[in-house]
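The values are calculated or read from the model by the stated rules, or taken from the named source; none is laboratory data. On a predicted model such as this, the values are computed, not experimentally measured, just so you know. Cβ placement follows ideal geometry from the backbone for every residue including glycine, while neighbour counts extend to all protein chains displayed. Only protein heavy atoms, including side chains, enter the accessible area calculation; ligands, DNA and RNA are left aside. Shrake-Rupley method; radii C 1.70, N 1.55, O 1.52, S 1.80 Å.
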Amino acid sequence: MAKALKEKAPVSDAQPAVAIDPTREPIVVVDDLHIIYRVYGSGGGRGNAATALMRVVKRENRPQMKEIHAVRGVSFIAYRGDAIGVVGTNGSGKSTLLKAIAGLLPPAKGGVYTDGQPSLLGVNAALMKDLTGSRNIILGCLAMGLTPEETKEKYDEIVKFADLKPGFIDYPMSTYSSGMGARLRFAIAAARTHDVMLIDEALATGDAKFKRRSKAKIDELRKDAGAVFLVAHNLDVIEETCNRVIWLDEGRIKMDGDPKEVLKAYTDATGK
Amino acid sequence: MNGQSSESLAGFAARHGLKQSAARPPLTTYVQQVWQRRTFIWNFASAKTSSMYTSSRLGQLWQVLTPLLNVGVYYLIFGVMLNTKHGVTHFIPFLVTGVFIFTFTQRSVTAGAKSISGNLSLIRALHFPRASLPFAHVIVELQQLLISMVVLFALLFAFGETPSFHMLLIVPMLLLQMCFNMGLSLVLARVGAFTPDIQQLLPFILRTWLYASGVIFAIPAIAQDRLKNHPWLIELLKANPGSVYVELARTSLIDSYRTKDLPELGWSDNHLWWYAIAWAVIALVGGFWYFHRAEERYGRG
């Protein structure tokens, strides 16, 4: 692991250096972050009990365990009021970076410093899929620390924002389409002012109407002096919503700056 | 651009009061956070209880049928076929109380072991003290138990027990057992979150515990003839929390067991409350402390 880090060190030096802007207040500081995680293969065709036993006896690691060095020395500062788009090809480490900021992946080296606890909205399934939409709203609000009274106040707002088809609010969340689920989850998470909100493709499944409203919500969060990170493959969404774009390539920052410039360079490079 | 090299990024972050992402709050703050989530815990449990049997045709009726069927199976095997009732006057109340009370612990532990791994999407999306989840799952089991208790009291009266004030002791007894269960499921929640293998192993451990806890036979009766030469083993069986809560429920509810069966078997019940209180405190405090030590790591991977 240490050896891998050393080998990559000269390359990570090529990333744009971080300039500290003393006039603005930081909310997320990512300092030379390395993320390495392990994946386990199915063991090919030899995944039977006997081989598993031999492995335990010989004290070997599980078969086909690969170490993936997904983020390689990323540094940047996000300031209050930033909406940062993260772009990059599949497997460039975008989602991994967001998970690390949320504290869900431990850094192998370096660190992530945040003010408050970031909230991560991913594409994965519903919050509590066997419960109805309205239960999800109430429980989600209570879990985030809202009082029962505040939950009652916010309830109608969330329902209105999620804009589900009539009646769906009383169905289990497992029956929702991916777009509906994403809308409801976003609506619930946005009911509380988060300092840092990480959105991983969660808006991609929404329709045009929802995109407009979620953009308004993100602007509102920015005005409350929070920061929003947005991962999306739809570059239009990023261009409309974000004031800054980070382009990740193979776990390194390739460019960090004004959306127009970065997105132009990105589309030129990926040959769109 | 790199003119600010005099200050490191970490130093810059520290100067602005930023903290390492997902740091663990101190224990006292954490207790407050969990206490603040009590409405969440209760609502989560109620929602889970009401959605539990929605896919089956008989629906909520299973909440009553499941414990009844359990009793039926145990009565058939241990009451009729193996006849383990020696020394017990009213065997059916004895057996039913034992099965219901032990099931509460058994199911709490099983649910606790899954409480983190089964709620990953919730853990990853929202930030809240993770200990709320094992607590909520024990409350789910408590709500199940209260339904079983209605069945139990119906059976007790049907088998000739008379209502008495002594029966009210079941309330503090259940509260102590609930604290014990919460502590144990906090431990299992942490173990189950990082070592999913425990879920394969748990049914065997729990079944062994069931047989060692005198749920389907009276331990005093066994102790009298078979364990006479092993006094330390008897002390161990007396201290076993599984048996402590089961015996406490029986002495509270079944008059003949407390006043006739136990004295005849030369067994006292003086130790039960002390053991029950000690186990509840040790499990809850220890379990909470142990669970909190990994707070920042739940949901990772």
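So in region A:136-154, with the set limited to residues that are surrounded by fewer than 16 Cβ atoms within 10 Å (Cβ to Cβ) and out of contact with any Ser or Thr (no Cβ under 7 Å at 6 or more places or on another chain), which one is nearest to the other protein chains (Cβ to nearest Cβ)?
Among those that are surrounded by fewer than 16 Cβ atoms within 10 Å (Cβ to Cβ) and out of contact with any Ser or Thr (no Cβ under 7 Å at 6 or more places or on another chain), it is A:Thr147.
Tell me which of these A:Lys99 doesn't satisfy, since it passes every other one: (1) over 28 Å from A:Ala78 (Cα atoms); (2) open to solvent by 60 Å² or more (accessible area, probe 1.4 Å); (3) within 9 Å of chain B (Cβ to nearest Cβ); (4) assigned to a helix (DSSP H, G or I).
A:Lys99 satisfies all of (1) over 28 Å from A:Ala78 (Cα atoms); (2) open to solvent by 60 Å² or more (accessible area, probe 1.4 Å); (3) within 9 Å of chain B (Cβ to nearest Cβ); (4) assigned to a helix (DSSP H, G or I) except (1).
Name every residue in region A:38-58 that is within 13 Å of chain B (Cβ to nearest Cβ), at pLDDT below 75 and open to solvent by 60 Å² or more (accessible area, probe 1.4 Å), in order of residue number.
Across region A:38-58, the qualifying residues are A:Arg38, A:Tyr40.
Filter region B:19-46 down to the residues that are open to solvent by less than 70 Å² (accessible area, probe 1.4 Å), at pLDDT below 80 and at the interface with chain A (Cβ under 7 Å from one of its Cβ atoms) and list them by number.
Selection gives B:Ser21, B:Ala22.
Tell me yes or no: at least one residue of region A:11-28 is modelled with pLDDT of 65 or more, within 14 Å of chain B (Cβ to nearest Cβ) and assigned to a helix (DSSP H, G or I).
Scanning region A:11-28 turns up no residue that is modelled with pLDDT of 65 or more, within 14 Å of chain B (Cβ to nearest Cβ) and assigned to a helix (DSSP H, G or I).
What residue, among those in region B:103-138 that are in a loop (DSSP other than H, G, I, E, B) and open to solvent by 10 Å² or more (accessible area, probe 1.4 Å), is nearest to the other protein chains (Cβ to nearest Cβ)?
Only one residue fits best here, namely B:His127.
If the requirement is being farther than 30 Å from B:Ala10 by Cβ, among the acidic types (Asp, Glu) and in contact with a helix residue (DSSP H, G or I) (Cβ under 9 Å, 6 or more places away or on another chain), which of these qualifies: A:Asp200, A:Asp207, A:Asp156?
None of the other options fit; the residue is A:Asp207.
Would you kindly identify the helices (runs of 4 or more DSSP H) lying entirely within region A:143-261 that contain at least 3 residues that are under 27 Å from B:Ala136 (Cβ atoms)?
It comes to A:148-162, A:178-190.
I need the full set of residues from region B:40-59 which are assigned to a helix (DSSP H, G or I) and touching a Phe, Trp or Tyr at 6+ places or on another chain (Cβ under 6 Å), in order please.
Within region B:40-59, B:Ile41, B:Gly59 meet the criteria.
If you take the residues in region B:53-76 that are without any contact (Cβ under 8 Å) to a residue 12 or more places away in the chain and of a type in the set (A, V, I, L, M), which one is farthest from A:Lys152 (Cα to Cα)?
Checking each candidate, the answer is B:Leu76.
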